[in-house]
Amino acid sequence: MEPRTQRPRIADVAREAGVSKTAVSFAFNAPDRLAPETANRIREIADQLGYTPHPVARMLTQRQTMTIGVLTPQALSVIFSNPFFGAFSEGVALGAEEHGYGLHFISPLQGSLVRAMTRATVDGVVAIGLSESHPEVEQIRRAGVPIILVDSAALPEHGSVEIDDVGGAQAAAAYIASLGHRDILVLGVEPPAPGGLEPDGVTSRRLRGYREAFAAVGVEIGDDRVVLGPASIDGGIAATERAWEDGLRPTAILAMSDAMAIGAMRALRELRLEVPSDVSVVGFDDIDLAPHVDPPLTTVHQPIRRKGEEAVRALLTVVERRGPAKPEHRRLETRLIIRGSTGPVPADRREVAGHPD
């Protein structure tokens, strides 16, 4: 049995190069403190010996982990069931890898975001879906870790990236109203924390957009027409089934996520209803799957991947102190994409009042 080869140590490199261990450390962690030819010679000898700095030791020396945290308000098993988050994470990964950073996904540890944050060793955090109303936000802010908020602009001292949720929802609802629909069901994304909708959260903003558009045609969308659930296909199925069990019979469904919309379409099929001849369905996000379902999904497009990339870019300007001291607040535009899941209100459901013939 051959003896195990010992991993080269910093002392081995120092001996071969004829320098101190401190000089070897400088060659990897602070090369500007050595003459260029000295730093290069040390690294060449280290390469010949097969020496690489220990990652933890290097992290402690540089006080930098080269890792970005992605903070989610719900467990990753829930978050990753929504295709939106996969596309968003792809954008985050693109931005991080371009600058040599790795990713660390941080979800509530035993129900606590603060406990998870205290155990996460990262240089900065992209926090998605975390608003000022979240019960643990204040403690997270005190941690002193650079944070960029996504889908929340409630903390002016931190940068943020969001979309025009109200405008996107208004466009979707106005289009449905133009097709003659007046009996509406809204599938809303349940808030990450118990205690009702957050006034500054995504769900509240999109609901405001839906309501404003229908108010313009004299229709009120009451709370009894809003069913909340997880932003997933299963969440959309369950919410639609619950609405039908409660006796609701809408001619159109406005879903706050494409995953929920796709779930709603599946539930309607089980109820032997056709989309869009019996019920029209509109989503929100324009995930990659949206044009490929049957029928293709009408939805509000948002630049999901770009949102992730922009969040990383804004975070790194803070982490690397290469941007303005004033936090950046970016709002990205949305647009309505009309496909086959929407159509005119069924003839037998047309209402006389306020409805065109």
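The values are calculated or read from the model by the stated rules, or taken from the named source; none is laboratory data. None of these values were measured; they are calculated from a predicted model. In this analysis, Cβ positions are derived from the backbone assuming ideal geometry, glycine residues included, and neighbour counts consider all displayed protein chains. These area figures cover heavy atoms from the full protein model, side chains too; ligands, DNA and RNA do not enter into them. Shrake-Rupley method; radii C 1.70, N 1.55, O 1.52, S 1.80 Å.
Positive end of the charge dipole of the chain (Lys, Arg +1 and Asp, Glu -1 on Cβ, about the Cα centre): tell me which of Pro191, Met66, Ala11 has its Cα farthest that way.
Final value for the positive-end residue is Ala11.
To the nearest 10 square angstrom, how much accessible area does Met256 have with a 1.4 angstrom probe?
Counting only protein heavy atoms, the figure is 0 Å².
Considering all alpha-carbon pairs of region 162-254, what whole percent are spaced by more than 19 angstrom?
39 percent
Compute, for His104, the solvent-accessible surface of its heavy atoms (probe 1.4 Å) with the complete set of protein chains present, and express it in square angstrom to the nearest 10.
Near enough 70 Å² of accessible area.
Give the calculated FRET efficiency between Glu220 and Arg272 to the nearest 0.05, with a Förster radius of 25 Å applied to their Cβ-Cβ distance.
Taking R0 as 25 Å, the efficiency between Glu220 and Arg272 is 0.25.
Taking only Cα atoms and a 10 Å spring cutoff, compute GNM fluctuations for the chain and point out the largest among Gln170, Gln48, Gln74.
Highest fluctuation among the options: Gln48.
Would you mind working out the accessible area per residue for the chain, using a 1.4 Å probe, and quoting it in Å²?
Solvent-accessible surface per residue comes out at 49 Å².
Where both partners of a DSSP beta bridge lie in the chain, what percent of those bridges are antiparallel, to the nearest 5?
That works out to approximately 10 percent antiparallel.
At 20 °C and a viscosity of 1.002 mPa s, what translational diffusion coefficient does Stokes-Einstein give for the chain, taking Rh as the Kirkwood radius over Cα pairs? Give it in µm²/s as a whole number.
Translational diffusion coefficient: 93 µm²/s.
Which residue fluctuates the most in the chain, going by a Gaussian network model with Cα springs under 10 Å, if the choices are Arg15, Arg305, Arg211?
Arg15
Could you point to the residue in Ala261, Pro250, Thr240 farthest towards the positive end of region 210-357's charge dipole, with +1 and -1 charges on the Cβ of Lys/Arg and Asp/Glu respectively?
My answer, from the dipole projection, is Ala261.
Evaluate the charge dipole of the chain about its Cα centre and quote only its size in Debye, nearest 20, assuming +1 on the Cβ of each Lys and Arg and -1 on the Cβ of each Asp and Glu.
1360 debye
Give the carbon-plus-sulfur fraction of the accessible surface of the chain in %, rounded to a whole number; probe 1.4 Å, heavy atoms of protein chains only.
Carbon and sulfur together cover 50 percent of it.
About its Cα centre, how strong a charge dipole does region 213-313 have in debye, to the nearest 20, once Lys and Arg get +1 and Asp and Glu get -1 at the Cβ?
Using Cβ point charges on Lys, Arg, Asp and Glu, region 213-313 gives about 200 debye.
For the chain, what does -39500 (n - 2.57) per DSSP helix run (n ≥ 4), summed and divided by total residues, give at 222 nm, in deg cm²/dmol to the nearest 500?
Result for the chain: -12000 deg cm²/dmol, rounded to the nearest 500.
Quick one: ranking Thr52, Thr203 by accessible area, 1.4 Å probe, largest first, what do you get?
Sorted descending by solvent-accessible area, the residues read Thr52, Thr203.
Over the chain, with a Gaussian network built from C-alpha contacts below 10 Å, which listed residue (Gly308, Gly235, Gly50) shows the highest mean-square fluctuation?
Gly50
Got a sec? What order do Asp200, Asp47 fall in by accessible area at 1.4 Å, biggest, i.e. largest, first?
Greatest to least solvent exposure: Asp47, Asp200.
Suppose every K and R has +1 on its Cβ and every D and E has -1 on its Cβ; what is the size of the dipole of region 149-291 about the Cα centre, in Debye to the nearest 20?
460 debye
log10 I(q)/I(0), Debye, Cα-only region 203-256, no solvent, q = 0.16, 0.19, 0.22 Å⁻¹?
-0.50, -0.71, -0.92
Work out the charge dipole of the chain with +1 on the Cβ of Lys and Arg and -1 on the Cβ of Asp and Glu about the Cα centre, then indicate which of Ser89, Val275, Ala172 is farthest towards its positive end.
Result: Ser89.
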